[in-house]
Amino acid sequence: MSASARIAIAGAGGRMGQTLIEAIFDAPDLALGAALDVASCSLTGRDAGERFGRATGVTVGSDIAGAIGSADVLIDFTRPAGTMVHVAACAKAGVAAVIGTTGLSEPDRRALGEFARTIPIVFAPNMSVGMTVLTKLVEIAAQRLGNDYDIEIVEMHHRHKVDAPSGTALSLGDAAAKALGRDLKNDGVFGRDGVTGERRPGTIGFASSRGGDVVGDHSVIFAGAGERLELTHRAGSRANFAQGALRAALFVAAKRAEGTKGLFDMQDVLGLR
């Protein structure tokens with residue numbers, strides 16, 4: 001089968017970028033179109049498949065416009081500032097985007113919505129198919145259990161992660177809050193220390209741990225009188241994020257081909273709406 005979509009990988013020299021490149025090798029309906037990273041990256045100027053002993057013919061470069069111009073879809077798991085520059089370039093070039101970057105601010109998210117007037121974008125802080133299903137289960141549990149159950153979200157990631165709570169934890173909290181008609185901005189509790197007093201009814205608590213090489217663990221706890229329901233997802237490697245991102249890439253490539261624009265998430269990709 002010939003490739004149906006050319007993919008540009010932002011942050012190609014990083015851990016997630018390399019995982020994505022490796023995953024594309026095994027995706028018959030996708031092709032690596034470009035690999036993008038900063039000029040100081042050790043892989044810049046070298047073949048994108050070098051670490052895997054593969055000659056791709058694609059050189060890692062720092063020319064944003066050139067990389068995006070060689071692709072149908074950009075996949076970006078970098079940092080917020082870089083991501084927004086990349087998506088702006090996608091909007092200008094008419095290239096679809098898959099964004100897995102965490103730590104985006106509210107203005108960043110609003111800007112994504114504006115860019116989505118021009119191109120199709122999938123934005124999800126966690127591209128895992130399993131996590132997407134978990135999010136749906138959290139919505140259902142919150143609706144069915146109701147206000148008699150306290151909600152706490154616990155997450156753990158590797159020592160190098162720079163934001164907390166994780167974007168995925170926030171998304172899970174937002175899913176629970178919306179299912180209950182609440183606003184996470186008002187009801188989220190993002191740290192407890194000292195004499196905090198009793199737990200305020202209706203709040204959604206968050207706890208973050210960092211250490212080792214943990215790829216990502218998330219648990220949503222519904223604690224009621226006499227029982228507790230825990231929904232947990234544990235990521236053992238970045239491969240699951242990559243596979244979800246590739247499914248999202250195929251989704252936005254199809255949207256682009258049919259001229260559809262908009263901001264989508266992984267529930268849209270999996271047909272869970």
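The values are calculated or read from the model by the stated rules, or taken from the named source; none is laboratory data. This one's a predicted model, so the numbers in the text were calculated from it and none came from an experiment. When we count neighbours, we look across all protein chains shown, and the Cβ atoms used for this are built from the backbone with ideal geometry, even at glycine. Ligands, DNA and RNA are stripped out before the accessible areas are found, and what is left, the full protein with its side chains, is counted by its heavy atoms. Shrake-Rupley method; radii C 1.70, N 1.55, O 1.52, S 1.80 Å.
Quick test of your reading of the structure: His233 fulfils all but one of (1) modelled with pLDDT under 95; (2) surrounded by 19 or more Cβ atoms within 10 Å (Cβ to Cβ). Name the failing condition by number.
(1)
Okay, residues lined up against (1) under 21 Å from Gly103 (Cβ atoms); (2) of a type in the set (Phe, Trp, Tyr); (3) touching a residue at least 60 places away in the same chain (Cβ under 8 Å); (4) out of contact with any helix residue (DSSP H, G or I) (no Cβ under 6 Å at 6 or more places or on another chain):
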position	(1), (2), (3), (4)
Asn126	yes, no, yes, no
Thr135	yes, no, yes, no
Leu145	no, no, yes, yes
Arg159	yes, no, no, yes
Leu170	yes, no, no, yes
Ala207	yes, no, no, yes
Arg210	yes, no, no, yes
Asp213	yes, no, no, yes
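State all residues of segment 175-186 that are exposed (fewer than 10 other Cβ atoms within 10 Å of the Cβ) and either in contact with a Leu (Cβ under 9 Å, 6 or more places away or on another chain) or in a loop (DSSP other than H, G, I, E, B) (or both); if no residue qualifies, say none.
Gly181 - this is the single residue of segment 175-186 that is exposed (fewer than 10 other Cβ atoms within 10 Å of the Cβ) and either in contact with a Leu (Cβ under 9 Å, 6 or more places away or on another chain) or in a loop (DSSP other than H, G, I, E, B) (or both).
If you check every pair at least six apart or on different chains, which have Cβ atoms under 8 Å apart with a residue in segment 241-266 that is in contact (Cβ under 8 Å) with a residue 40 or more places away in the chain and within 14 Å of Val73 (Cα to Cα) first and a residue that is open to solvent by 50 Å² or more (accessible area, probe 1.4 Å) and small (Gly, Ala, Ser) second?
Once the first residue is in contact (Cβ under 8 Å) with a residue 40 or more places away in the chain and within 14 Å of Val73 (Cα to Cα) and sits in segment 241-266, its partners that are open to solvent by 50 Å² or more (accessible area, probe 1.4 Å) and small (Gly, Ala, Ser) give Leu250/Ser4; Ala253/Ser4.
Checking the conditions here, which among Ala179, Ala169, Ala175, Ala124 is touching a strand residue (DSSP E or B) at 6+ places or on another chain (Cβ under 7 Å) and of a type in the set (Gly, Ala, Ser)? Walk me through how you get there before you give the answer.
Numbers: Ala179 fails: touching a strand residue (DSSP E or B) at 6+ places or on another chain (Cβ under 7 Å); Ala175 fails: touching a strand residue (DSSP E or B) at 6+ places or on another chain (Cβ under 7 Å); Ala124 fails: touching a strand residue (DSSP E or B) at 6+ places or on another chain (Cβ under 7 Å).
Step by step, each of Ala179, Ala169, Ala175, Ala124 is checked, and only Ala169 is touching a strand residue (DSSP E or B) at 6+ places or on another chain (Cβ under 7 Å) and of a type in the set (Gly, Ala, Ser).
Based on this model, can you work out whether Glu139 counts as touching a residue at least 40 places away in the same chain (Cβ under 8 Å) and either buried (at least 18 other Cβ atoms within 10 Å of the Cβ) or within 20 Å of the chain's Cα centre (by Cα) (or both)?
yes
For segment 248-258, does any single residue satisfy the condition of being at pLDDT 95 or above and exposed (fewer than 13 other Cβ atoms within 10 Å of the Cβ)? I'd like the intermediate steps shown before the answer.
At the first step, the residues of segment 248-258 found to be at pLDDT 95 or above are 248-258.
From what's left, exposed (fewer than 13 other Cβ atoms within 10 Å of the Cβ): 258.
Yes, segment 248-258 contains a residue that is at pLDDT 95 or above and exposed (fewer than 13 other Cβ atoms within 10 Å of the Cβ).
So which residues in segment 259-269 are crowded, with 18+ Cβ neighbours inside 10 Å, outside any strand (DSSP E or B) and of a type outside the set (D, E, K, R), if there are any at all?
Met266, Val269
Please enumerate the residues belonging to segment 187-230 that are in contact with a Ser or Thr (Cβ under 8 Å, 6 or more places away or on another chain), open to solvent by 30 Å² or more (accessible area, probe 1.4 Å) and of a type in the set (A, V, I, L, M).
Val189
Could you list, in sequence order, the residues of segment 242-271 that are under 16 Å from Ile7 (Cα atoms) and out of contact with any strand residue (DSSP E or B) (no Cβ under 7 Å at 6 or more places or on another chain)?
Across segment 242-271, the qualifying residues are Ala242, Gln243, Gly244, Arg247, Ala254, Ala257.
Could you figure out which of (1) in a loop (DSSP other than H, G, I, E, B); (2) closer than 27 Å to Phe77 by Cβ isn't true of Val154?
Condition (1) is where Val154 drops out.
Considering only residues that are surrounded by 15 or more Cβ atoms within 10 Å (Cβ to Cβ) and at pLDDT below 95, which ones fall in segment 150-163?
First, the residues of segment 150-163 that are surrounded by 15 or more Cβ atoms within 10 Å (Cβ to Cβ): 150-157, 161, 163.
Within segment 150-163, Lys161, Asp163 meet the criteria.
Mind listing whichever residues of segment 188-222 are under 21 Å from the mean Cα position of the chain (by Cα) and part of a strand (DSSP E or B)?
Gly188, Phe206, Ala207, Ser208, Ser209, Arg210, Gly216, Asp217, His218, Ser219, Val220
Tell me, which residue of segment 107-119 that is touching a residue at least 24 places away in the same chain (Cβ under 8 Å) and out of contact with any Leu (no Cβ under 8 Å at 6 or more places or on another chain) is surrounded by the most Cβ atoms within 10 Å (Cβ to Cβ)?
Ranking the candidates gives Ile119 first.
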